[in-house]
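Undergrad: To start, I am sharing the structure in question, which I have written as C-alpha coordinates.
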Amino acid sequence: MAVSAPFSFLKNRKHQLDRMTLGDLVYSFFTYYAVIAYITVGIVSLVFAVKWFDNPLRMLLAMLAASVAFPFGWYLVHRNILHARWLYKSPLTASTWKRIHFDHHQDPNDLRVLFGALANVLPTVGGVIAPIGYLIGGKAGAAAALGWAMVITCFYEFCHCIQHLNYTPKLGFLKEIKRLHLSHHFHNEQGNFGITNYFWDRLFGTYYSKAAELPKSPTVFNLGYTAEEAKRYPWVDRLSGGTRGDGHPKRFWQGKDGQGTQPEEAPASPEGSP
(Lines give C-alpha, C1' and ligand atoms only; values in the text may rest on other atoms or scores of the structure.)
Protein backbone atom coordinates (compact mmCIF):
# COMPACT_ATOMS: atom_id res chain seq x y z
CA MET A 1 0.00 0.00 0.00
CA ALA A 2 1.44 3.35 -0.98
CA VAL A 3 2.22 5.99 1.56
CA SER A 4 -0.30 8.82 1.62
CA ALA A 5 0.12 12.16 -0.09
CA PRO A 6 1.54 15.11 1.84
CA PHE A 7 -0.73 16.59 4.51
CA SER A 8 -3.21 13.73 4.18
CA PHE A 9 -1.59 10.60 5.55
CA LEU A 10 -4.12 10.39 8.39
CA LYS A 11 -6.79 9.66 5.78
CA ASN A 12 -4.77 6.77 4.42
CA ARG A 13 -5.39 3.28 5.79
CA LYS A 14 -1.68 2.81 6.36
CA HIS A 15 -1.38 4.40 9.77
CA GLN A 16 -0.26 1.45 11.89
CA LEU A 17 3.38 1.82 12.86
CA ASP A 18 3.81 -1.93 13.19
CA ARG A 19 3.09 -2.16 9.45
CA MET A 20 5.25 0.74 8.29
CA THR A 21 8.88 0.90 7.25
CA LEU A 22 11.34 3.53 8.43
CA GLY A 23 11.02 5.23 5.04
CA ASP A 24 7.24 5.34 5.38
CA LEU A 25 7.59 6.95 8.79
CA VAL A 26 10.09 9.60 7.67
CA TYR A 27 7.82 10.63 4.81
CA SER A 28 4.68 10.67 6.92
CA PHE A 29 6.40 12.45 9.80
CA PHE A 30 7.65 15.38 7.77
CA THR A 31 4.34 15.82 5.94
CA TYR A 32 2.29 15.85 9.14
CA TYR A 33 0.72 19.26 9.72
CA ALA A 34 1.78 19.52 13.37
CA VAL A 35 5.42 18.72 12.57
CA ILE A 36 5.36 21.29 9.78
CA ALA A 37 3.96 23.79 12.29
CA TYR A 38 6.70 22.99 14.83
CA ILE A 39 9.40 23.38 12.19
CA THR A 40 7.91 26.65 10.99
CA VAL A 41 7.63 28.10 14.50
CA GLY A 42 11.16 26.91 15.24
CA ILE A 43 12.67 28.54 12.16
CA VAL A 44 10.81 31.81 12.70
CA SER A 45 11.82 31.88 16.37
CA LEU A 46 15.48 31.26 15.62
CA VAL A 47 15.42 33.95 12.91
CA PHE A 48 14.12 36.44 15.48
CA ALA A 49 16.71 35.23 17.98
CA VAL A 50 19.41 36.15 15.47
CA LYS A 51 17.71 39.46 14.67
CA TRP A 52 17.49 40.37 18.35
CA PHE A 53 20.91 38.90 19.12
CA ASP A 54 22.25 40.49 22.27
CA ASN A 55 24.23 38.43 24.75
CA PRO A 56 25.40 35.04 23.40
CA LEU A 57 25.90 33.58 26.87
CA ARG A 58 22.37 34.42 27.97
CA MET A 59 20.96 33.02 24.73
CA LEU A 60 22.85 29.76 25.27
CA LEU A 61 21.66 29.64 28.87
CA ALA A 62 18.08 30.13 27.66
CA MET A 63 18.45 27.20 25.26
CA LEU A 64 20.04 25.12 28.01
CA ALA A 65 17.11 25.94 30.29
CA ALA A 66 14.74 24.77 27.55
CA SER A 67 16.70 21.50 27.31
CA VAL A 68 16.13 20.93 31.05
CA ALA A 69 12.58 22.26 31.33
CA PHE A 70 11.19 20.29 28.40
CA PRO A 71 11.85 16.73 29.68
CA PHE A 72 10.96 17.76 33.23
CA GLY A 73 7.69 19.30 32.06
CA TRP A 74 6.91 16.24 29.95
CA TYR A 75 7.52 13.98 32.93
CA LEU A 76 5.19 16.01 35.14
CA VAL A 77 2.44 16.19 32.52
CA HIS A 78 2.72 12.54 31.55
CA ARG A 79 2.70 11.25 35.12
CA ASN A 80 0.37 13.70 36.88
CA ILE A 81 -2.08 14.67 34.13
CA LEU A 82 -2.15 12.10 31.33
CA HIS A 83 -2.08 9.19 33.78
CA ALA A 84 -4.30 10.84 36.35
CA ARG A 85 -7.94 9.77 36.47
CA TRP A 86 -9.67 13.09 36.98
CA LEU A 87 -9.79 14.07 33.31
CA TYR A 88 -12.19 11.29 32.30
CA LYS A 89 -14.48 12.07 35.24
CA SER A 90 -15.76 15.31 33.68
CA PRO A 91 -17.65 15.62 30.39
CA LEU A 92 -15.67 18.82 29.81
CA THR A 93 -12.30 17.06 29.72
CA ALA A 94 -13.14 13.43 28.85
CA SER A 95 -12.76 13.91 25.10
CA THR A 96 -9.40 15.64 25.55
CA TRP A 97 -8.07 12.83 27.75
CA LYS A 98 -9.37 10.24 25.30
CA ARG A 99 -7.62 11.92 22.38
CA ILE A 100 -4.31 12.80 23.99
CA HIS A 101 -3.60 9.60 25.89
CA PHE A 102 -6.32 6.97 26.37
CA ASP A 103 -6.53 6.12 22.67
CA HIS A 104 -2.74 5.90 22.47
CA HIS A 105 -2.60 3.31 25.24
CA GLN A 106 -5.53 1.45 23.72
CA ASP A 107 -3.60 1.02 20.48
CA PRO A 108 0.02 2.20 20.84
CA ASN A 109 0.81 1.58 17.16
CA ASP A 110 -1.89 3.88 15.79
CA LEU A 111 -0.06 6.85 14.30
CA ARG A 112 -3.25 8.91 14.23
CA VAL A 113 -3.28 9.25 18.02
CA LEU A 114 0.44 9.01 18.75
CA PHE A 115 1.25 12.63 17.95
CA GLY A 116 0.28 15.21 20.52
CA ALA A 117 -2.53 17.47 19.39
CA LEU A 118 -1.09 20.69 17.98
CA ALA A 119 -3.66 22.81 19.83
CA ASN A 120 -2.41 21.37 23.11
CA VAL A 121 1.33 21.02 22.48
CA LEU A 122 2.20 24.38 20.95
CA PRO A 123 0.52 26.62 23.58
CA THR A 124 1.84 24.46 26.42
CA VAL A 125 5.44 24.37 25.20
CA GLY A 126 5.42 28.02 24.15
CA GLY A 127 3.67 29.16 27.30
CA VAL A 128 6.29 27.55 29.52
CA ILE A 129 9.54 27.81 27.54
CA ALA A 130 9.28 31.32 26.10
CA PRO A 131 8.82 33.03 29.52
CA ILE A 132 11.76 31.07 30.93
CA GLY A 133 13.89 32.20 28.01
CA TYR A 134 12.72 35.79 28.45
CA LEU A 135 13.67 35.83 32.12
CA ILE A 136 17.15 34.66 31.21
CA GLY A 137 17.87 36.59 28.03
CA GLY A 138 15.07 39.00 27.21
CA LYS A 139 13.27 38.73 23.87
CA ALA A 140 16.32 37.19 22.19
CA GLY A 141 16.44 34.54 24.92
CA ALA A 142 12.71 33.88 24.57
CA ALA A 143 13.02 33.43 20.81
CA ALA A 144 16.09 31.20 21.13
CA ALA A 145 14.50 29.05 23.84
CA LEU A 146 11.25 28.66 21.88
CA GLY A 147 13.09 27.82 18.66
CA TRP A 148 15.19 25.21 20.43
CA ALA A 149 12.11 23.81 22.17
CA MET A 150 10.56 23.20 18.75
CA VAL A 151 13.65 21.23 17.75
CA ILE A 152 13.32 19.18 20.93
CA THR A 153 9.60 18.65 20.27
CA CYS A 154 10.29 17.23 16.80
CA PHE A 155 13.05 15.03 18.22
CA TYR A 156 10.72 13.73 20.93
CA GLU A 157 7.90 13.04 18.50
CA PHE A 158 10.17 11.23 16.05
CA CYS A 159 11.74 9.10 18.78
CA HIS A 160 8.25 8.28 20.05
CA CYS A 161 7.33 7.08 16.57
CA ILE A 162 10.49 4.97 16.38
CA GLN A 163 9.57 3.38 19.70
CA HIS A 164 6.36 2.04 18.17
CA LEU A 165 7.66 1.37 14.67
CA ASN A 166 8.22 -2.18 13.45
CA TYR A 167 11.94 -1.47 13.34
CA THR A 168 14.91 -2.39 15.49
CA PRO A 169 17.15 0.66 15.91
CA LYS A 170 20.85 0.14 15.31
CA LEU A 171 21.80 3.03 17.57
CA GLY A 172 22.14 1.87 21.17
CA PHE A 173 20.45 4.99 22.56
CA LEU A 174 17.34 4.48 20.43
CA LYS A 175 17.25 0.77 21.19
CA GLU A 176 17.37 1.40 24.94
CA ILE A 177 14.71 4.13 25.08
CA LYS A 178 12.47 1.98 22.87
CA ARG A 179 12.80 -0.94 25.28
CA LEU A 180 11.95 1.26 28.27
CA HIS A 181 9.01 2.93 26.56
CA LEU A 182 7.48 -0.33 25.39
CA SER A 183 7.60 -1.61 28.96
CA HIS A 184 5.51 1.44 29.90
CA HIS A 185 2.93 0.45 27.28
CA PHE A 186 2.86 -3.30 27.62
CA HIS A 187 3.97 -4.13 31.17
CA ASN A 188 3.31 -1.37 33.72
CA GLU A 189 2.18 2.14 32.88
CA GLN A 190 3.03 3.51 36.34
CA GLY A 191 6.70 3.87 35.48
CA ASN A 192 9.10 4.94 32.72
CA PHE A 193 7.23 8.14 31.91
CA GLY A 194 10.08 9.63 29.92
CA ILE A 195 10.40 9.42 26.15
CA THR A 196 14.05 10.14 25.45
CA ASN A 197 15.13 11.14 28.95
CA TYR A 198 14.63 8.93 32.01
CA PHE A 199 16.57 11.09 34.45
CA TRP A 200 13.39 12.34 36.13
CA ASP A 201 12.04 8.78 36.41
CA ARG A 202 15.23 7.81 38.22
CA LEU A 203 15.07 10.87 40.45
CA PHE A 204 11.43 10.38 41.47
CA GLY A 205 11.50 6.59 41.73
CA THR A 206 9.36 5.68 38.72
CA TYR A 207 12.15 4.14 36.66
CA TYR A 208 12.35 0.40 36.11
CA SER A 209 14.78 -1.34 33.82
CA LYS A 210 13.34 -4.86 33.78
CA ALA A 211 9.77 -6.12 33.80
CA ALA A 212 10.56 -8.28 36.82
CA GLU A 213 11.02 -5.14 38.92
CA LEU A 214 7.27 -4.36 38.80
CA PRO A 215 4.18 -6.58 38.56
CA LYS A 216 2.21 -6.68 35.33
CA SER A 217 -0.40 -3.92 35.51
CA PRO A 218 -4.04 -4.88 34.82
CA THR A 219 -4.68 -1.30 33.64
CA VAL A 220 -1.77 -0.97 31.23
CA PHE A 221 -4.16 -0.59 28.26
CA ASN A 222 -7.11 1.22 29.84
CA LEU A 223 -5.25 3.51 32.31
CA GLY A 224 -7.78 2.66 35.00
CA TYR A 225 -10.83 3.35 32.87
CA THR A 226 -12.45 0.01 33.61
CA ALA A 227 -16.03 -1.10 33.05
CA GLU A 228 -16.88 0.02 36.58
CA GLU A 229 -15.45 3.47 35.86
CA ALA A 230 -17.26 3.59 32.53
CA LYS A 231 -20.56 3.07 34.35
CA ARG A 232 -19.84 6.01 36.67
CA TYR A 233 -18.18 8.24 34.07
CA PRO A 234 -19.60 7.16 30.69
CA TRP A 235 -18.29 9.95 28.43
CA VAL A 236 -15.16 8.21 27.14
CA ASP A 237 -17.15 5.01 26.67
CA ARG A 238 -19.72 6.86 24.59
CA LEU A 239 -17.07 8.61 22.53
CA SER A 240 -15.46 5.22 21.89
CA GLY A 241 -18.70 3.79 20.57
CA GLY A 242 -18.86 1.38 23.48
CA THR A 243 -15.67 -0.40 22.46
CA ARG A 244 -12.13 -0.30 23.71
CA GLY A 245 -11.43 2.17 20.91
CA ASP A 246 -8.40 0.39 19.45
CA GLY A 247 -10.01 -1.18 16.43
CA HIS A 248 -11.02 -4.37 18.24
CA PRO A 249 -14.80 -4.84 18.72
CA LYS A 250 -14.47 -5.71 22.38
CA ARG A 251 -15.85 -4.14 25.51
CA PHE A 252 -13.82 -2.33 28.14
CA TRP A 253 -14.26 -5.31 30.44
CA GLN A 254 -12.73 -7.71 27.93
CA GLY A 255 -9.05 -8.50 27.74
CA LYS A 256 -6.89 -8.25 24.67
CA ASP A 257 -8.02 -11.70 23.53
CA GLY A 258 -11.66 -11.16 24.40
CA GLN A 259 -11.39 -12.86 27.77
CA GLY A 260 -12.94 -11.62 30.98
CA THR A 261 -16.13 -11.56 32.96
CA GLN A 262 -18.69 -8.89 32.24
CA PRO A 263 -19.53 -6.91 35.36
CA GLU A 264 -23.11 -6.32 36.34
CA GLU A 265 -24.75 -3.51 34.38
CA ALA A 266 -21.79 -2.98 32.08
CA PRO A 267 -22.45 -0.41 29.34
CA ALA A 268 -24.78 -1.84 26.75
CA SER A 269 -23.28 -2.91 23.43
CA PRO A 270 -24.31 -0.94 20.34
CA GLU A 271 -26.75 -2.84 18.18
CA GLY A 272 -25.00 -5.45 16.10
CA SER A 273 -21.75 -5.39 18.04
CA PRO A 274 -20.45 -8.43 19.91
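The values are calculated or read from the model by the stated rules, or taken from the named source; none is laboratory data. Here the structure is a predicted model, which means the values were calculated and not measured. We place every Cβ from the backbone using ideal geometry, glycine too, and count neighbours over all the protein chains shown. Heads up: the accessible areas ignore ligands, DNA and RNA and are worked out on the full protein's heavy atoms, side chains in. Shrake-Rupley method; radii C 1.70, N 1.55, O 1.52, S 1.80 Å.
Undergrad: Which ³J(HN,Hα) values, rounded to whole Hz and listed in residue order, are derived for the range 221-226 from phi using the Karplus coefficients 6.51, -1.76 and 1.60 in 6.51 cos²θ - 1.76 cosθ + 1.60 with θ = phi - 60°, glycine and proline given as x?
TA: 3J(HN,Hα) across the range 221-226, in whole Hz: 9, 9, 6, x, 8, 8.
Undergrad: Find, among the chymotrypsin sites (Phe, Trp or Tyr not before Pro) in the range 70-162, those assigned to loop by DSSP (not H, G, I, E, B) with at most 15 other beta-carbon atoms within 10 angstrom.
TA: Taking the range 70-162 and a limit of 15 other Cβ atoms within 10 Å, the loop chymotrypsin sites (Phe, Trp or Tyr not before Pro) found are 86.
Undergrad: Kindly provide the trypsin sites (Lys or Arg not before Pro) of the range 179-210 that DSSP labels as loop, not H, G, I, E or B, and whose Cβ sees at most 11 other Cβ atoms within 10 Å.
TA: Sparse-neighbourhood loop trypsin sites (Lys or Arg not before Pro): 210.
Undergrad: Which shape class, rounded, prolate or oblate, goes with the range 151-219 when its Cα gyration tensor gives a ≥ b ≥ c as root eigenvalues, a/c under 1.5 marks rounded, and past that a/b bigger than b/c marks prolate?
TA: It is prolate, given that a/c is not under 1.5 and a/b is the larger ratio.
Undergrad: Size of the dipole of the range 54-152 about the Cα centre, Lys and Arg at +1 and Asp and Glu at -1 on the beta carbon, nothing else charged, in debye to 20?
TA: I would put it at about 240 debye.
Undergrad: Restricting to Cα pairs below 8 Å that are 6+ residues apart, what does the relative contact order work out to for the range 43-149? Please round to a whole percent.
TA: 50
Undergrad: Related question: Which whole-Hz couplings ³J(HN,Hα) result when phi for each residue of the range 154-164 is put into the Karplus expression 6.51 cos²θ - 1.76 cosθ + 1.60, θ = phi - 60°, listed in order with x for Gly and Pro?
TA: Using θ = phi - 60°, the values come out as 5, 4, 4, 5, 5, 4, 4, 5, 4, 5, 10 Hz.
Undergrad: Using a 1.4 Å probe on the protein chains only, how many percent of the accessible area of the range 26-144 belongs to carbon and sulfur?
TA: Accessible surface attributable to carbon and sulfur in the range 26-144 totals 73 percent.
Undergrad: Kindly write out, for the range 35-52 in residue order, the coupling ³J(HN,Hα) from the Karplus curve 6.51 cos²θ - 1.76 cosθ + 1.60 (θ = phi - 60°), rounded to whole Hz, with x marking Gly and Pro.
TA: So the J values, rounded to whole Hz, are 5, 4, 5, 4, 5, 5, 4, x, 5, 4, 5, 5, 4, 5, 4, 5, 4, 8.
Undergrad: Using r as the Cβ-Cβ distance of residue 118 and residue 93, and R0 as 30 Å, what FRET efficiency do you calculate, to the nearest 0.05? Write down the numbers at each step before the final one.
TA: On the way: r = 18 Å, r/R0 = 0.60.
The value I calculate is 0.95.
Undergrad: Still on this structure, I have one more. Could you tell me which of the pairs 170/216; 139/178; 98/216; 98/175 are separated by over 26 angstrom between their Cα atoms in the structure shown?
TA: In this structure, 170/216; 139/178; 98/175 lie more than 26 Å apart at Cα.
Undergrad: If you don't mind, there's one more thing I want to ask. State in Å² the accessible area per residue of the range 151-208; use a 1.4 Å probe, count heavy atoms of protein chains only, and round to the nearest integer.
TA: Accessible area per residue, the range 151-208: 42 Å².
Undergrad: I've got another one for you. Could you check the spin-label model distance between residue 64 and residue 80? Points 7 Å from the Cα along Cα→Cβ, value in nm.
TA: My value for the distance between the label points is 2.5 nm.
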